[in-house]
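Have a look at the structure below before the remarks.
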Amino acid sequence: MSIEVSGLIKRFGSATAVAGVDISLPAGSMLVLLGPSGCGKTTTMRCIAGLESPDEGVIGIHGTTVFDRKAGIDVPVYRRRIGMVFQSYAIWPHLTVFENVSFPLEMQQTPKAELRDRTMEMLEKVGLADYAKRGASALSGGQMQRVALARSLVMRPAVLLFDEPLSNLDARLRDRLRVQLRELQSELGITGIYVTHDQQEALALADSIMVMEHGSVRQTGGPVDLYRAPRSAAIAAFLGYSNIFPATEWRAVDGGAEVTLASGRRLHASGDLPPRGAPASLCVRPEQLGLRSATADESPDAILGEITLASFLGATTLYRVRSTGGEVWEALTDQVVPGLVKGSTVVVEPAPGALRLLPQT
Ligand code: ATP
């Protein structure tokens, strides 16, 4: 394993920012720490980088222990061979692109020819070779972030840490850079930890995702597994499940549960039943809901409602439907269904097995 963290605890005064986190990350893979603001993502990463001193725990990088409170080991930041890319680009506007990227090599007194080759190699990789001589202040936000990335990579770090590096960029650029970053990460075999609260970013970049809440890890898994099977409604909400309805009661039936919502509507959910006594919600992803025009003789079980929003997104269309029971359902479909416009009366049809009853937390 390339990064091994066990029992990591970090307190600030009486507040516990990281409450016992374990990480086991193989070389060449990207772990995304995902979670709401204040859940401890950045603090976890700063502890790995050596920018915070943990209260407890052991941190190993490529088989070397860099922190162990009990053994009194605390390797300083500059000796951990860690590269970092932050939200703010932190590049020097008065230097050229080349000078910015070659700066760390300059500091290490790398021989001139090697410095030039390594710098140009990295500028090629991030698509900025033609900009080498340009002043860094005359760059777009996306280009500045690529300069920052090249500057981190030129040091050939053992590990790269990313703290929301794309969050200051506009949406289109973010989407493009996300793909480029993923390409570069797999091409160069970068071992990385990436902090974000953006689920799209997490799903697109991760080999594995660790969802955090209140300083603890709530669920870890591959993007597909996590997306398909979140362990709780809180995690589901974080992964883009926009249909989450509190259940007032439920009982086991064949292969799942009959769930009652606040409106009195009863629906069949698949999967295991959550424990009794704790709140639970019915959850479904928007792309697992179909819509069709209602007929005059719908069954009483049909989820009947009125379209309150139809938003064409290009490849898909997002519909919002207020059902007769008062729930607002969100459906995302890649089919253009004639007659489905704002004000139409429709039936919401969950895909078989798509409704899941999950504990709230
Ligand atoms: P965000 O997405 O907003 O950056 P985060 O998940 O990265 O949030 P952290 O920055 O790790 O969260 O913060 C975790 C908790 O620790 C928060 O409650 C925060 O207020 C607290 N915290 C972080 N740094 C400090 C500090 N230097 N002193 C005191 N409290 C801190």
Assess whether residue 221 counts as being under 16 Å from the mean Cα position of the chain (by Cα), surrounded by fewer than 22 Cβ atoms within 10 Å (Cβ to Cβ) and more than 16 Å from the ligand (Cβ to nearest atom).
yes
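Mind listing just one residue for me: the one in the range 118-149 that is assigned to a helix (DSSP H, G or I) and of a type in the set (Lys, Arg) and, of those, surrounded by the most Cβ atoms within 10 Å (Cβ to Cβ)? First the steps, then the outcome.
The initial filter retains those residues of the range 118-149 that are assigned to a helix (DSSP H, G or I), namely 118-125, 129-131, 136-138, 141-149.
Filter again for of a type in the set (Lys, Arg), leaving 118, 125, 146.
Working: 118: 19, 125: 19, 146: 28.
Taking the candidates together, the pick is 146.
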When you scan the range 28-36, do you find a residue that is more than 8 Å from the ligand (Cβ to nearest atom), in the same structural domain as residue 152 (by TED's automatic domain parsing), part of a loop (DSSP other than H, G, I, E, B) and not β-branched (Val, Ile, Thr), even just one?
yes
Going through (1) part of a helix (DSSP H, G or I); (2) surrounded by fewer than 19 Cβ atoms within 10 Å (Cβ to Cβ) one by one, residue 152 fails only at (2)
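Which residue out of 136, 202, 148 is within 16 Å of the ligand (Cβ to nearest atom) and touching a Pro at 6+ places or on another chain (Cβ under 9 Å)?
After applying the criteria, what remains is 202.
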Considering residues that are crowded, with 22+ Cβ neighbours inside 10 Å and more than 17 Å from residue 212 (Cα to Cα), the number found within the range 41-56 is 1
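So, in the range 1-27, how many residues would count as being part of a strand (DSSP E or B) and within 15 Å of the ligand (Cβ to nearest atom)? Step through it out loud before you land on a result.
Let us first name the residues in the range 1-27 that are part of a strand (DSSP E or B), namely 3-12, 15-25.
If we keep only those that are within 15 Å of the ligand (Cβ to nearest atom) as well, we get 5, 8-12, 15-21, 23.
Summing the residues that are part of a strand (DSSP E or B) and within 15 Å of the ligand (Cβ to nearest atom) in the range 1-27 gives 14.
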Out of the range 90-117, which residues are without any contact (Cβ under 8 Å) to a residue 12 or more places away in the chain and either aliphatic (A, V, I, L, M) or assigned to a strand (DSSP E or B) (or both)?
107, 113
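Filter the range 275-307 down to the residues that are outside any strand (DSSP E or B) and touching a helix residue (DSSP H, G or I) at 6+ places or on another chain (Cβ under 9 Å) and list them by number.
The initial filter retains those residues of the range 275-307 that are outside any strand (DSSP E or B), namely 275-279, 285-288, 294-302.
Across the range 275-307, the qualifying residues are 279, 285.
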Unmet criterion (only one of (1) under 22 Å from residue 239 (Cα atoms); (2) part of a strand (DSSP E or B); (3) among the charged types (D, E, K, R)) for residue 258
(1)
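The values are calculated or read from the model by the stated rules, or taken from the named source; none is laboratory data. Nothing here was measured: the structure is a model prediction, and the numbers come from that model. Note that each Cβ is placed from the backbone with ideal geometry, even for glycine, and that neighbours are counted across all protein chains shown.
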